[in-house]
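Q: Please see the structure below; I have some questions.
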Amino acid sequence: MKIPFHKAFLGREEADAAADVIKSGWLTMGEKTFRFEKDFSAYTGAENSIAVNSCTAALHLALKAIGLKPGDEVIIPAMTFIATWEVITYSGAKPVLADIDRHSFLIDPHEIEKKITQKTRAIIPVHYGGESCDMDAVMEIARMHRLYVIEDAAHALPALYKGRMIGTIGDIICFSFYATKTITTGEGGMINTANSEWADRMRRLRLHGITKDAWNRYSEKGTWQYDVSEPGYKYNMTDIASAIGIEQLKKSDAMNAMRHEISAKYNNAFKNSELLHTWKVRDDAECAWHLYPVLVNTEAVNIGRDELIGKLKDAGIGTSVHYIPMYRFSCFGGSGSSASGFPGCEYMFARQVSLPIYPGMTESETGYVADTFLSILKENRR
Ligand SMILES: Cc1ncc(COP(=O)(O)O)c(C=O)c1O
């Protein structure tokens, strides 16, 4: 592929940091992980940050922290990655899907309200593409109905909502450092919360539920003795991953600036075209631009989204679709009648394509993607 969908922005610093951990002889969770947590708290303004091995693990532990039980309901957008949905089922609880707004691609607060029942315990807003949900509206609904807010911020580092950093607003906020995310540790995640009791519990649960210094039991400072307060999980981050994360975090602002530049170039290239719809981002927020989603104007062109993706691939351009709405999966009963309750998702899914946006993409690469995309649409104008 001439221009892949994503290429991680990694350098000598990450390679040296990982090599130092390997040379140290201590590879799993230890000092580097605690340092990464502190750096992450400082960067996002959080009271507590807990490093785990994925955002999926982060979301699962967040739901454990709020005490989610079988039969409880949690409201999520139908347009998200499957992880947001599956973690709710881990506790025997029920994911309840809400439609999105077709212009912002974010969960629609009115749709959240429609889905609230006696059994609702929490809302998981997803900051799609790095764009903040309408957090004032979400927090207000949560306060009125006494619900917890767990933010799926897998795409949203660094992002702002009305001047506030994503990572400090909801009850618990979960980030991803998966290979394609805005900073990466290969696989990894982080949990932010201002609730120190929850933080302590999630710290225990990420390592089998054993007492907090157990990671240290092979060092001079440690002891072989530990207790298990409740059964937990194997969700801890390694020091190799954390060493990479520490270096990536230092580059986060610079990488963000590069993504902003690419998005501005795409916006400029597309601004006068009636053959597509660009994303409407909020004026009162700062998007992390993890994704650059575009909607094909299917009323103006004779080419479907899937054929368009094929033509871009032939031209050496990697793309993706974010996302297949949850109700379309066979575990949800397929795409039949369930789609009718989600006009926002259906509208978006029929038209959406994500273009490459990654730090290190050159001006000529961005230009090539924009020009190729536009010429395919023009060739297929109705
Ligand atoms: C919206 C969203 N939530 C959760 C996840 C899960 O993240 P991880 O792969 O770190 O478990 C992803 C990953 O792609 C995601 O895009």
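Q: Would you pick out the residues in segment 13-32 that are under 12 Å from ILE244 (Cβ atoms) and without any contact (Cβ under 8 Å) to a residue 12 or more places away in the chain?
A: Passing the criteria: ALA15, ASP16, ALA19.
Q: Just checking, which of ASP200, ASP283 is part of a loop (DSSP other than H, G, I, E, B) and either hydrophobic (A, V, I, L, M, F, W, C) or closer than 25 Å to ILE124 by Cα (or both)?
A: Answer to the selection: ASP283.
Q: Could you tell me whether ALA98 is within 15 Å of the ligand (Cβ to nearest atom), over 25 Å from THR180 (Cβ atoms) and not basic (Lys, Arg)?
A: Yes, satisfied.
Q: Return only the number of the condition from (1) touching an Asp or Glu at 6+ places or on another chain (Cβ under 9 Å); (2) within 27 Å of TRP26 (Cβ to Cβ) that GLY186 does not satisfy.
A: GLY186 satisfies every listed condition except (1).
Q: Tally the residues that are of a type in the set (D, E, K, R), surrounded by fewer than 21 Cβ atoms within 10 Å (Cβ to Cβ) and either outside any loop (DSSP other than H, G, I, E, B) or within 16 Å of the ligand (Cβ to nearest atom) (or both), restricting the search to segment 137-174.
A: 3
Q: Okay, next question. Anything in segment 325-346 that is surrounded by fewer than 17 Cβ atoms within 10 Å (Cβ to Cβ) and at pLDDT 95 or above? List them, or say none.
A: Scanning segment 325-346 gives a single hit, PRO343.
Q: Just checking, which of SER273, SER354 is within 16 Å of the ligand (Cβ to nearest atom), at pLDDT 95 or above and surrounded by 14 or more Cβ atoms within 10 Å (Cβ to Cβ)?
A: Result of the check over SER273, SER354: SER354.
Q: Among the residues of segment 39-56, are any farther than 19 Å from HIS155 by Cα, buried (at least 22 other Cβ atoms within 10 Å of the Cβ) and more than 15 Å from the ligand (Cβ to nearest atom)?
A: No.
Every residue, every condition in (1) more than 19 Å from ILE124 (Cα to Cα); (2) modelled with pLDDT of 95 or more; (3) among the basic types (Lys, Arg), yes or no:
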residue: THR168; (1), (2), (3): no, yes, no
residue: ASP171; (1), (2), (3): no, yes, no
residue: PHE175; (1), (2), (3): no, yes, no
residue: TRP224; (1), (2), (3): yes, no, no
residue: SER242; (1), (2), (3): yes, yes, no
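Q: Can you name every residue in segment 68-81 that is of a type in the set (A, V, I, L, M) and within 15 Å of CYS174 (Cα to Cα)?
A: Residue satisfying the conditions is ILE76 alone.
Q: Against the condition under 30 Å from ARG305 (Cβ atoms) and assigned to a loop (DSSP other than H, G, I, E, B), how does GLU274 come out, does it pass?
A: The answer is yes for GLU274.
Q: To continue, here is another question. Which condition number in (1) surrounded by fewer than 21 Cβ atoms within 10 Å (Cβ to Cβ); (2) touching a residue at least 40 places away in the same chain (Cβ under 8 Å); (3) more than 16 Å from the ligand (Cβ to nearest atom) is the one that TYR233 fails?
A: (3)
Q: Kindly evaluate ALA370 against the criterion of being assigned to a loop (DSSP other than H, G, I, E, B), surrounded by 17 or more Cβ atoms within 10 Å (Cβ to Cβ) and small (Gly, Ala, Ser).
A: no
The values are calculated or read from the model by the stated rules, or taken from the named source; none is laboratory data. The structure displayed is predicted, hence computed values, not measured ones. No Cβ is skipped: glycine too gets one built from the backbone with ideal geometry, and neighbour counts run over all protein chains shown.
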